[in-house]
Amino acid sequence: MANGATGTDYQLKDPLTEVESRLVSQRESDASQAGQKYQDINKRVAHVLGLFSENRRLTEAIAADPSSGGLSNEKLITNLRRAADISTNGQYTQWLTTRYSNGDFQLSELGRVRDAIAGYVTHRTSLPIQDLLRYTSLAHLETAVLAQQSAPKAESKKALAKKQKAEGAFVVYDGDDGKVIGLKNYDASKLYSAGTRWCTSMASHFDNYFGSDELFVFIAKSGGKYQLHEKTMQFMDKDDLYVWPKLQANKPGASNETDAADFQFIKRAIPFTFCARACEKLGVATLPEPDPDSDNPKELVYLLERKSEVSAAQLESMARSHRFDLVLQALRHPSASEDTLINAISKQDDVSILCRFTEQIDGLTDKALELLIKKGNHNLSLSALNHQNAGVKATIAAYMNEGDLVLRRVAVQKSFAPTKMLEHAAKNETDPVLLGHVAANNNLSLDALQTLLLSTDSYVKRSALRNHKVTTSQLIDAYNEDSSVAVAKIIISHPSSTPALVSKAFFRSPTSFKVEIACKSEVTPAVRFAIVNENISDVHLAFVTKGPVTSEDISQIWARSDDFVVQAACLKSPACPIDIVKNQIETLDRRNLKHFAAQNPQLDLSYLAQIASNHKSVIVRDAARKNFTERGGDESLLKVAVKHRKVYM
């Protein structure tokens, strides 16, 4: 900003006006009366004079300014009003006086001050701070004004609309009879919807339609507008009315030559959209030769489906499309190499598309997954890290993402997490959850594991106990130190645990924990032994009904347990030895359990037919008949069984 003229150029000149002469010569010390006294000059300026006429800081600033000429406070204020306040009502005089009294400028710099005020007036609506009084110094105001003066000029509405049309759309057909435009974004949709009643002129409706398929706008030479959305098969005129009936009937109306010309244009142009269903509906059988440099996703998908050789550059360009179907088709094309995939990922900015093809492309390499993780999006990174092909590179990239703790926690759990990375985490990380995952990872070195076993954090210490490198003696020491259920769970499932240690941990645990263990889908031999030899019915019942019970287990539990419910569960279990089941049905012992035995799914159907027909107990017969029927037994077998009656107890 250029400096202004010297202070003498802006000094108050004589003769003073009558009002100014009276104000200067008749000063009063009573500040409370000053505002009333100065009201004749101007309400705003009078207020400033009232505030500063006896202001000591202003007097000192005048004395320190060699260009002031020893002016009085009143004359200084009047000078600022005339020389620098470009408003018609003195609205900037108070700020100018305040800034002068604070030593921001001298009278010799009034040209600079005036320029700053002029810049403020010009750019006020675009300044970040629009209230002048909130600028705390002249330099503060100058900086803000300069930033606005340096900013590029905003485009005119007409130029902006033209730019939006060009960038937000692509031409698929351009002939003497009209033009067909493919839309890319809402701005273009809003512009091309002008003069129509299409709901796609509203952002939410546009997103709904465009999210599922392309939108094509047909602009006839006559000025008629039509919009096609193939996914929903909606083809609408500018009044948002369906045009399919007229198009298919080829009867636009005998008296309407405009419609007839428009419809002929539509039938000539529609093949260039490559909307196969729409073309089929109009009886168009042949589509034009697809152009690999086209912007139309439908055209490019059509090309990829029919062309076995496509250049890497073209595939990479297609993989940057906003349309996921095209991206997927390009990356799955026979011509697509790993380099094509890598380059496509690096240039694709649509995170939603990247997430979808991370989930749907099985051939992603560890290097490609590493690049996806480096994009920095949490959901995308998590999807890439959990991909079946994720390896060391992807894991390290995820761990190096300092801003995503959840992702880093997942990374250190991976079975292919490198030892060096885990050692770094064990040494430098402070998050207990992350350290716990590190401690439990079997790739962790023995030295780092030993350090985490000595951690004062109980979660980290217990996680370290889960590591398969922990020895039996370390497990024994840990259990002797802490015999809680949490440690018992680790002991029972740890591969280094001995049968004696497992039994000790199991028998000293509460019943609820034992039941939980008995219900697991897999148990070690030591745990199986402990469960079978347990004397608590709830544990036996849980194991028989929900656990991985074997026929040998059933035999032992049947022999040990006197609990009615447990015995009934044993008899109904598919694992129950068939001789136990039949013996229960056919003997006098435990008569009240016979109907449970008749429900066993392993009983032979012919045997069930005999029981259902001949057993003395109605309850047993009913149970056997139900079992027989539910398993698809032939009703004729029941009649045969009656003829060969055998009496059962």
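At a glance:
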{"item": "Exposure of residue 462 as accessible area (Å², to 10), given a probe of 1.4 Å and all protein chains", "result": "70"}
{"item": "Contact order relative to length of the stretch 55-112, as percent, for alpha carbon pairs under 8 angstrom and 6 or more apart", "result": "42"}
{"item": "Relative contact order (%) - the stretch 479-628, alpha-carbon pairs under 8 angstrom, separation at least six", "result": "14"}
{"item": "Residue 185 paired with residue 536, simple spin-label distance in nm, labels 7 Å along Cα-to-beta-carbon", "result": "6.5"}
{"item": "Computed helical MRE - 222 nm, the chain, DSSP H runs ≥ 4 contributing -39500 (n - 2.57), nearest 500", "result": "-15500 deg cm²/dmol"}
{"item": "Tensor-based shape of the stretch 506-556 (alpha-carbon gyration tensor, a/c under 1.5 rounded, otherwise prolate or oblate)", "result": "rounded"}
{"item": "Whole-number accessible area per residue in Å² for the chain, which is evaluated in the context of all protein chains at 1.4 Å", "result": "51"}
{"item": "The chain - percent relative contact order, Cα under 8 Å, separation 6 or more", "result": "4"}
{"item": "Estimated FRET transfer efficiency when R0 is 45 angstrom, pair residue 430-residue 91 (beta carbons, to 0.05)", "result": "0.20"}
{"item": "Average silhouette area of the stretch 545-589, convex hull of alpha-carbon atoms, in square nanometres", "result": "3.0"}
{"item": "The chain - percent of accessible surface contributed by carbon and sulfur, probe 1.4 Å", "result": "49"}
{"item": "Inter-site label distance for residue 473 and residue 446 at 7 Å from Cα along Cβ, in nm", "result": "1.1"}
{"item": "Inter-centroid distance (Cα atoms) of the stretch 69-143 relative to the stretch 353-403, Å", "result": "58"}
{"item": "Candidate values (1) 1.24; (2) 1.08; (3) 1.00, label of the one derived for Rg/Rh (Cα atoms, Kirkwood Rh)", "result": "(1)"}
{"item": "Solvent exposure, largest accessible area first (probe 1.4 Å, DNA, RNA and ligands not counted), of 176, 404", "result": "176, 404"}
{"item": "Cβ-derived FRET efficiency at R0 51 Å, residue 413 paired with residue 622, nearest 0.05", "result": "0.45"}
{"item": "Virtual spin-label span in nm between residue 312 and residue 459, 7 Å along Cα→Cβ", "result": "4.7"}
{"item": "DSSP H segments from the chain that extend 30 Å or more along their own axis, Cα-based, with Kyte-Doolittle mean of 0.0 or above", "result": "none"}
{"item": "Nearest-0.05 FRET efficiency for residue 482 and residue 57, computed from C-beta distance (R0 56 Å)", "result": "0.20"}
{"item": "Rounded, prolate or oblate (a/c below 1.5 giving rounded, otherwise prolate when a/b exceeds b/c) for the stretch 175-323 by Cα gyration tensor", "result": "oblate"}
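The values are calculated or read from the model by the stated rules, or taken from the named source; none is laboratory data. Being a predicted model, the structure only gives us computed values, none of them experimental. Positions of Cβ are generated from backbone atoms using ideal geometry, with glycine treated the same way; all protein chains shown enter the neighbour counts. For accessibility, only protein heavy atoms count, side chains too; no ligands or nucleic acids. Shrake-Rupley method; radii C 1.70, N 1.55, O 1.52, S 1.80 Å.
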